[in-house]
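Heads up: the structure comes next, in structure tokens.
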Amino acid sequence: MGKRRKGREIVLQSLYASLIGGGDVLAVLEDQLIRRESAPETTEFARALARKIKANRPDTERWLKTLVSSRWDPSRLGTLELCILHLGLTELKHSPEVPFRAVINEACELARRYCEDGAVGFVNGVLDRAAHQVYPDAAGTHAGAADDAAATAALADNAAAASSFADDDDDDDSDGGLDPDADLDADFGDTPLRGSAVIEETETDPAADPGKDRR
């Protein structure tokens, strides 16, 4: 597992634990990083992402409310789905060095691994809509042949960057200590969220977005 991907999973676990237990996410993260004996790159990435999530949480919560349809209230989302969306929205808006396609793909991988089946399409739909807002040129929300050509080029560049970024994330991580995959599964495996997600297959896409599940 790549160091950045592991960092996201540790941040996700820390967000979940802080929401359930009421602790500060940065304090919970530090405990997780120590317990997992994380590599320096994983630690640096996770700390930076968690700080961004905490600092921008009020704005992210307001943004999330505008992204879901009127029939959905963020409070109805399962805790993990909510955490994944906070993580993804924060990266989209405050980590411009990460290609937006990589952000969406990584969030969908987290949803696929830890949530109910319907959550993947919902997460993909919400983040796809958010990406259209943050990167309107690349998302093609404009008119004109010249603009269309620019958008096509931007999408190609972003897709290539995302592929390279994903390749880096797939690099083997030589962290010592606890096995990261087994440990993270243990953290999430015995919780109510696996069987209590409120997302239904008929309401996975907040706006019937044609980009749903377009990976």
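The values are calculated or read from the model by the stated rules, or taken from the named source; none is laboratory data. Values in this document were obtained by computation on a predicted structure and should not be read as measured data. Note that each Cβ is placed from the backbone with ideal geometry, even for glycine, and that neighbours are counted across all protein chains shown.
Condition first: modelled with pLDDT under 90 and closer than 26 Å to L15 by Cα. Now tell me which residues in region 111-157 satisfy that.
E116, D117, G118
What are the residues in region 104-126 that are of a type in the set (A, V, I, L, M, F, W, C) and either touching a Leu at 6+ places or on another chain (Cβ under 7 Å) or surrounded by fewer than 20 Cβ atoms within 10 Å (Cβ to Cβ) (or both), if any?
I104, A107, L110, C115, V123, V126, listed by residue number.
Which one of the conditions (1) farther than 22 Å from F122 by Cβ; (2) modelled with pLDDT under 95; (3) surrounded by 14 or more Cβ atoms within 10 Å (Cβ to Cβ) does G78 fail to meet, given that it meets all the rest?
G78 satisfies every listed condition except (1).
Starting from region 11-37, take each residue that is over 19 Å from L85 (Cα atoms) and in contact (Cβ under 8 Å) with a residue 60 or more places away in the chain and list its partners that are assigned to a helix (DSSP H, G or I) and of a type outside the set (A, V, I, L, M), counting only C-beta distances under 8 angstrom and pairs at least six apart or across chains.
If the second residue must be assigned to a helix (DSSP H, G or I) and of a type outside the set (A, V, I, L, M), the pairs left are R36/P180; R36/D183.
Please state which one of E116, E91, E81, E106 is out of contact with any strand residue (DSSP E or B) (no Cβ under 8 Å at 6 or more places or on another chain) and more than 21 Å from R57 (Cβ to Cβ). Working first, answer last.
Values: E91 fails: more than 21 Å from R57 (Cβ to Cβ); E81 fails: more than 21 Å from R57 (Cβ to Cβ); E106 fails: more than 21 Å from R57 (Cβ to Cβ).
From the options E116, E91, E81, E106, the qualifying one is E116.
This table checks each residue for (1) at pLDDT below 95; (2) over 14 Å from the mean Cα position of the chain (by Cα).
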{"site": "N56", "(1), (2)": "no, yes"}
{"site": "S69", "(1), (2)": "yes, yes"}
{"site": "W72", "(1), (2)": "yes, yes"}
{"site": "L82", "(1), (2)": "yes, no"}
{"site": "E91", "(1), (2)": "no, no"}
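Just the residues that are buried (at least 20 other Cβ atoms within 10 Å of the Cβ) and in contact with a Pro (Cβ under 7 Å, 6 or more places away or on another chain), please, taken from region 1-56.
Selection gives K6, R36.
Pairs needed: first member in region 53-79, at negative phi and free of Cβ contacts under 8 Å to residues at least 40 places away in the same chain; second member anywhere, surrounded by 14 or more Cβ atoms within 10 Å (Cβ to Cβ) and polar (S, T, N, Q); C-beta distance under 8 Å; at least 6 residues apart or different chains.
Short answer, once both residue conditions are applied: N56/T90; T60/T90.
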